[in-house]
Amino acid sequence: MVVEAIPIVDFADFKSNPKKVAQGVFDACKSIGFFYMINHDVPQQDIDKAFALSKQFFDLPREEKEKFLIDEENHGYSTLYSETLDPEHQRQGDHKEGFNFRSFEDGKPFAKLPQLFDQETKFLDSFSRNCHATALQILEAFAIALEIPEEKGGKEFFKKGHSYENSAEILRFLKYPRGGETDYKEPVRAGAHSDYGSITLLFQKDVPGLEVQASRTEWISAPLIPGAIIVNVGDQMEMWTNGLFKSTKHRVTFLPEHNHLDRYSMPYFVHPKDDVPLVPAPSKFIDQTIANPERVITAGEHLRSRLDSTYDYKK
Ligand SMILES: O=C(O)CCC(=O)C(=O)O
Ligand SMILES: [Fe+2]
């Protein structure tokens, strides 16, 4: 089924009418794999503060930022062009720089942070926890819509497979610098890719650019909806639902009229615990056939192989 636009799901009624909200989430995840979540619990002032910190960091001199280069554990600063999300089609790496925060443990950062972030660890930890809590609501909606039997965990089923601490979850700050700063001529700034984890929450700001592959040939744009979080299904959730939920390819493309603007975005990548086996979840809606029973992989193994193919850690 081709969907013309990304659906909007209003979470205002999630407590009073969880079934209705879950149905909206379910329809979106089975078709386009993306939806806008409105009336969520992440305060706008926190989103604004996180974006402000992101800008302050990217404004630092290059040498300062490069003191915190991304490591093999997926934490730290990734330089312009160091990530290539679509290696088959891209001649050059993505026109973006980023900073990844692995989740905080007991309020402490996963690894040394730039001073600017270090003095805001309390805020960054609570912002990330808030994103995680929001993700848990969505995961609960999945389990409700999939009617996971009580004895298998019921509405807690996917939530139990996730944790904030000791997880691979990442809060990521991204900046796509304006075209004029470099000689980068490609309209595509982040190559077509699907996300790796269970779901991604994405905060966009001011400059649109996200495009979603609605069908094999057609890209549709994901316009900015103030206050909304864009939610999409990742590969591991597609595997966990045996293909019922769609991990849809997306990319970032600049329109000529936005070439003079810097674009900031902020994904929160939600990941199941490392030891979760990616086998069909117990639902009557999900085909229970395990394609390759002798080669069942866990979420941790899957993530490792995907990260190794996208990053050049040595840069
Ligand atoms: O910047 C965006 O809007 C999208 C980023 C994205 O898809 C990603 O980092 O996985
Ligand atoms: Fe993505």
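Largest GNM mean-square fluctuation across ILE290, ILE144, ILE199, computed for the chain with C-alpha springs under 10 Å, falls on ILE290. Using C-alpha pairs under 8 Å with a sequence gap of at least 6, the mean separation divided by the residue count of the chain gives a relative contact order of 22 percent. Packing-based ranking of 235-246, 295-306, 61-72 yields 235-246, 295-306, 61-72, ordered from highest to lowest mean Cβ neighbour count within 10 Å.
Note on the chain: GNM, Cα springs under 10 Å; of THR289, THR200, THR253, the largest mean-square fluctuation is that of THR289. Put the Cα centre of segment 145-179 next to the Cα centre of segment 47-109 and the gap is 21 Å. Dipole size in debye (nearest 20) for segment 8-310 around its Cα centre, Lys and Arg Cβ +1, Asp and Glu Cβ -1? Dipole size: approximately 460 debye.
Just list whichever of LYS15/LYS65; LYS108/LYS249; LYS112/LYS159 have alpha carbons separated by over 32 Å in the model shown.
LYS15/LYS65; LYS108/LYS249
Secondary structure note: in segment 8-310, about 90% of the DSSP beta bridges are antiparallel.
Rule-based calculations on the coordinates, nothing more; no lab input. In this text, all values refer to a predicted model and were calculated from it rather than measured experimentally. Cβ sites come from the backbone with ideal geometry, for glycine too, and all protein chains shown count toward neighbours.
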